[in-house]
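The values are calculated or read from the model by the stated rules, or taken from the named source; none is laboratory data. Computed from a predicted structure; not experimentally measured. Quick reminder, even Gly has a Cβ in these numbers, built from the backbone with ideal geometry, and neighbours come from all protein chains shown.
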Ligand SMILES: [Mn+2]
């Protein structure tokens, strides 16, 4: 177990963005038998001052690191991590092994390219800023924030989101169209550096296939753990609540001032991707950033009213249909519902109106996993789209989604399918049962 924790932490440390954290190596972990506490021994290259600052940075990040350990090792109880300087390293003990690990053939962190991303944004002059198909608040808020930041740098920049679906109504107050969003690919797209924010895979970029291939250069900024790094430069911060949170760091590095408009766009990304600061991805850093954004002029109440108190009546009626069809499996551990194409038509709902229904399903007592199967009300769409949510560490819904060609996060994922509602339901129930069974055997 000690070695497993050490491995997770070693992988996690390079993704931390705290400037205090220097060149640090985890040399050992000693967890107590009951897994309540763990001492994490680290060595730090540099002066005593750098060592102290690194330890401060690690202390500050202990919550994020702890939840990562719990998630990756699927622990019911997570040891409280205490960081300590390992004096043994100075005496050369364990060093050979560690040097081997740091050798160039070791894993290269493609996800930690802050400087490369910043340099690319600085150097180039013309940009196409985009996000993923079926955009959510993080996608739209991050896209807008990036666009505004590039404009402040005096760049020639265009926001673009293709695809047939209208934008979700709760983001109408962002006035993206008025602010220059294009739904048709600009004629000069092939000459613009593509900036993809919050896109977990190349195929989701811009709501239109082939955009990444077309671009002369692609900058990929994201927080999805399964992002393969499809850009020419990539900054993928798995521990970040939202892409908006990653962008705040990028803008600081770029020296872009947080205007009230940029701050509000980032705040929308944060508040929506954290479920109003209540999901497990909400960290002290997220909350501090939220405070900074409010200080910089983000209007909390305006965003609340815009995003959450602007529900179309048809959306309410669509929710009613989904709730009416909800079923529980495995003694209530799995809640599944579905929406047929006819449902959308009968209540006059557009495709994005089904967003958020899954969160109502997952709130059911005893539910570990919730799923919403829906038939997109448009031609050319896959027959069925499935959203999955997990409320526990033991179940990784992105693994289930990947088995069907989808993807996402451990706690939120999705896939498309041509199978029937019944077949999809059976598949989900079976996969969850397998994962829960595996976790129980540990
Ligand atoms: Mn996101």
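Within the set 168, 164, the sole residue that is more than 16 Å from the ligand (Cβ to nearest atom) and either surrounded by fewer than 19 Cβ atoms within 10 Å (Cβ to Cβ) or modelled with pLDDT under 95 (or both) turns out to be 164. Residue 383 meets all of the listed conditions (1) touching a residue at least 24 places away in the same chain (Cβ under 8 Å); (2) crowded, with 19+ Cβ neighbours inside 10 Å but one, namely (2).
Any residue at all in segment 433-441 that is under 26 Å from residue 241 (Cβ atoms) and without any contact (Cβ under 8 Å) to a residue 60 or more places away in the chain? Among the residues of segment 433-441, at least one is under 26 Å from residue 241 (Cβ atoms) and without any contact (Cβ under 8 Å) to a residue 60 or more places away in the chain, which makes the answer yes.
Among residues of segment 181-200 being under 23 Å from residue 224 (Cβ atoms) and more than 16 Å from the ligand (Cβ to nearest atom), the one that is surrounded by the most Cβ atoms within 10 Å (Cβ to Cβ) is 194.
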